[in-house]
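What follows is a set of notes on a single structure, which appears directly below.
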Amino acid sequence: MHTESDEDLVKRIASGDRLAMKVLFSRHQVRVYRFVLRLVRDETLAEDVIGDVFMDLWRQADRFEGRASVATWLLAIARNKAWSQLRKRRDAALDDDYAANIEDESDGPEIVLQKQDKGLAIRACLERLSAEHREVVDLVYYHETSVEETARIVGIPENTVKTRLFHARKKLGEMLKAAGIDRGWP
Amino acid sequence: MTDSVASDPKRRELEELLPFYANGRIAAADRARIEAALAADADLAARLEIIRDDMAETVLLNERLGAPSPRVLDRLLAGIEAQAQPAPLLTRATDGLGKGFIGWLGGLLAAQAPRRLAYAGACAAALIVLQGVAITGLALRDAGGGYRTASAPGSHATERYVLLSFAPEARAGEIAAFFKRFDASVVDGPRANGFFKVRVGDASLSDAQVDAIAARMKAESGIVSFVAAAP
């Protein structure tokens, strides 16, 4: 079966094709949602943000120049909107609400270690990384972005992507070490 | 303790590229440099293993986040409808008053009582909704019964899954026998990082049963290198 490319769908969207909009939305909504949710940690807010992201796509489809992939473009818009919301709502209560909704993942790494599951302990530490570190880890490890794509989405130089990810990995290792899991680095 | 890799600029440069080597998003020349270095540098190879562990857990963490509710699309389409049409129509009708069909239509509408216009508007809206339902139904039917996301193909609540990656030394025949033993099938993958989403049964399996299957799979370390229950 022929699958229309994202770029072709964007062209159709630029001419007001609603069906193309639905197809593109269906194709990317889950990943964009997860990326935003990992940043804002609030499901309702994440849904609002992705609604705004795709509305921007609808309005600006004719400005898409194809210098980056549609996925990268969407993630960059999503990232800007998510951070804008984070700046507005950056308060402890939001994080507490989110943490309360995570079951096993909300256990501290020390508690998780008692459960003898290294994977759970790593995930608990991933949850506790700063938003700046979480976003580069998620982009590279889950969204499988290149250095260039990560730089474009986050809006930082390529060398900064590499050093930021290095520090995020180091921080993760330090958190695990503090919880009793020494992986030999750092 | 001094980080011997980080304190050597050449090794540090390669080390910082390891995550992109692991996710498969790296230039061929850099890949070759890293592979040469990995063969001779045990510290770098150990870092790569850590990265692969973290990558597997990051994938699992994200896969468990679920998906947005259908109301996001509903609201989006309502927003598109709300912003798309009124302004151009109004502008054209206003510009065209007294000229041709639009002018005639504008004059006709202007002559009607507000209540009659409201009834006509409601009828027109209902007609548009009916057309929309019919067109959408046709489109969805043509698309094979519904849309599927590229990021989560085949995932629906009637099945249970694990996320796994195969050991580099596993042979095709062993992998085929492995799937047969577990009555499992691949529903997504491989991703660039080598992970597959694998169906292990239907929704009647409990979390504990899926965990038990994952544990039995994990025991086959000659075939799989990572297994975990996935949503």
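The values are calculated or read from the model by the stated rules, or taken from the named source; none is laboratory data. Everything numeric in this text was worked out from a predicted model, so none of it was measured. Positions of Cβ are generated from backbone atoms using ideal geometry, with glycine treated the same way; all protein chains shown enter the neighbour counts. Note: accessible area is taken over every heavy atom of the protein model, side chains too, but ligands, DNA and RNA are not part of it. Shrake-Rupley method; radii C 1.70, N 1.55, O 1.52, S 1.80 Å.
Relative to the first principal axis of the alpha-carbon coordinates of chain A, what is the inclination of helix A:92-101, with its axis defined by its Cα atoms, in degrees from 0 to 90 and to the nearest 10?
For helix A:92-101, the angle is close to 80 degrees.
Gaussian network model of chain A, Cα springs within a sub-10 Å range: biggest mean-square fluctuation belongs to which of A:ASP52, A:ASP42, A:ASP17?
Top of the fluctuation ranking is A:ASP17.
Top mean-square fluctuation among A:ALA68, A:ALA46, A:ALA168, Gaussian network model of chain A, C-alpha springs under 10 Å?
Comparing A:ALA68, A:ALA46, A:ALA168 in a Gaussian network model of chain A, the most mobile one is A:ALA68.
Taking a probe of 1.4 Å, how large is the accessible area per residue of chain A, in Å²?
On the way: 8200 Å² over 186 residues.
Ligands and nucleic acids excluded, the figure is 44 Å² per residue.
Quick check on segment B:9-63: what does the Kirkwood estimate of hydrodynamic radius come out to from the alpha carbon pairs, in Å?
On the way: mean 1/r = 0.0864 Å⁻¹.
After inverting the pairwise mean of 1/r, the radius is 11.6 Å.
Between B:ASP188 and residues 5 or more places away or on another chain, which pairs have amide H atoms under 5 Å apart, with H built 1.01 Å from N, and which residues are they?
B:LYS197
Have a look at segment B:41-61 and report residues whose accessible surface goes down by 50 Å² or more when the remaining protein chains are included, against the chain on its own, probe 1.4 Å, ligands and DNA/RNA excluded.
Residues losing area: B:ILE50, B:ASP54, B:GLU57, B:THR58, B:LEU61.
Let me test this: with uniform point scatterers at the alpha carbons of segment A:1-94, what is the Debye-based log₁₀ I(q)/I(0) at q = 0.10, 0.12, 0.24 1/Å?
Computed log10 I(q)/I(0) values: -0.27, -0.38, -1.20.
Given a 1.4 Å probe and no ligands, DNA or RNA in the count, how much accessible surface is buried by A and B, both sides, to the nearest 100 Å²?
Values: alone 10620 and 15750 Å², together 21370 Å².
In total, chains A and B hide about 5000 Å² from solvent.
Place a +1 charge on the Cβ of each Lys and Arg in segment A:1-94 and a -1 charge on the Cβ of each Asp and Glu, then give the dipole magnitude about the Cα centre in debye, rounded to the nearest 20.
Dipole of segment A:1-94, to the nearest 20 debye: 340 debye.
Please give the per residue accessible area of segment B:9-63, computed with a probe of 1.4 Å over protein heavy atoms only, in Å².
Details: 2200 Å² over 55 residues.
For segment B:9-63, the solvent-accessible area averages 40 Å² per residue.
Put A:ILE156, B:ILE34 in order of accessible area, largest first, 1.4 Å probe: what do you get? Mind dumping the intermediate values first?
Working: A:ILE156 30, B:ILE34 5 Å².
Final ranking, largest accessible area leading: A:ILE156, B:ILE34.
In degrees, nearest 10, range 0 to 90: what is the angle between the Cα axis of helix A:118-127 and the longest Cα principal axis of chain A?
Helix A:118-127 sits roughly 60 degrees off the main axis of chain A.
Ignoring ligands, DNA and RNA, what percent of the 1.4 Å accessible area of segment B:9-63 is carbon and sulfur?
On segment B:9-63, the fraction of accessible area on carbon and sulfur atoms equals 55 percent.
What whole-number distance in Å separates the alpha-carbon centres of segment B:178-213 and segment A:119-153?
Between the Cα centres of segment B:178-213 and segment A:119-153 lies a distance of 25 Å.
Can you list the HN-Hα couplings for segment B:63-72, worked out from phi with the Karplus curve (6.51, -1.76, 1.60; θ = phi - 60°), rounded to whole Hz and with x for Gly and Pro?
Each residue of segment B:63-72 in turn: 5, 7, 6, x, 9, x, 6, x, 5, 4 Hz.
Report the number of Lys pairs in chain A whose alpha-carbons are under 22 Å apart, with separation of 8 or more residues or on distinct chains. Don't jump to the answer; show the numbers that get you there.
Working: A:LYS11/A:LYS22; A:LYS22/A:LYS81; A:LYS115/A:LYS177; A:LYS118/A:LYS170; A:LYS118/A:LYS171; A:LYS118/A:LYS177; A:LYS162/A:LYS170; A:LYS162/A:LYS171.
Count of close lysine pairs: 8.
If you place +1 on the Cβ of every Lys and Arg and -1 on the Cβ of every Asp and Glu, how big does the dipole about the Cα centre of segment B:184-231 come out, in debye to the nearest 20? All intermediate terms of the calculation are to be shown ahead of the outcome.
Details: 5 positive and 5 negative charges, 31 e Å.
Dipole about the Cα centre, nearest 20: 140 debye.
Provide the gained length on full extension for the span A:LEU19 to A:ARG63, in nm with one decimal, where the gain is 0.36 nm per separating residue minus the Cα-Cα distance.
Working: separation 44, 0.36 × 44 = 15.84 nm, distance 1.93 nm.
Stretched out fully, the A:LEU19 to A:ARG63 stretch lengthens by 13.9 nm.
What whole-number volume per residue, in cubic angstrom, does the convex hull of the C-alpha atoms of segment B:159-230 give? Working shown, then result.
Working: hull volume 5.2 nm³, N = 72.
Looking at segment B:159-230, the number lands at 73 Å³ per residue.
Mind listing the phi-derived Karplus ³J(HN,Hα) values for segment B:22-32, rounded to whole Hz, using 6.51, -1.76 and 1.60 with θ = phi - 60°, and x for any glycine or proline?
5, 8, x, 10, 9, 5, 4, 5, 5, 4, 5
How many times 2.2 N^0.38 Å is the alpha carbon radius of gyration of chain A? Write out the running numbers ahead of the final one.
Details: Rg = 18.3 Å, N = 186, 2.2 N^0.38 = 16.0 Å.
My calculation over the Cα atoms of chain A gives 1.14.
What figure, in Å² to the nearest 10, do you get for the accessible area of A:LYS177 with a 1.4 Å probe and non-protein molecules left out?
Surface open to solvent at A:LYS177 totals about 100 Å².
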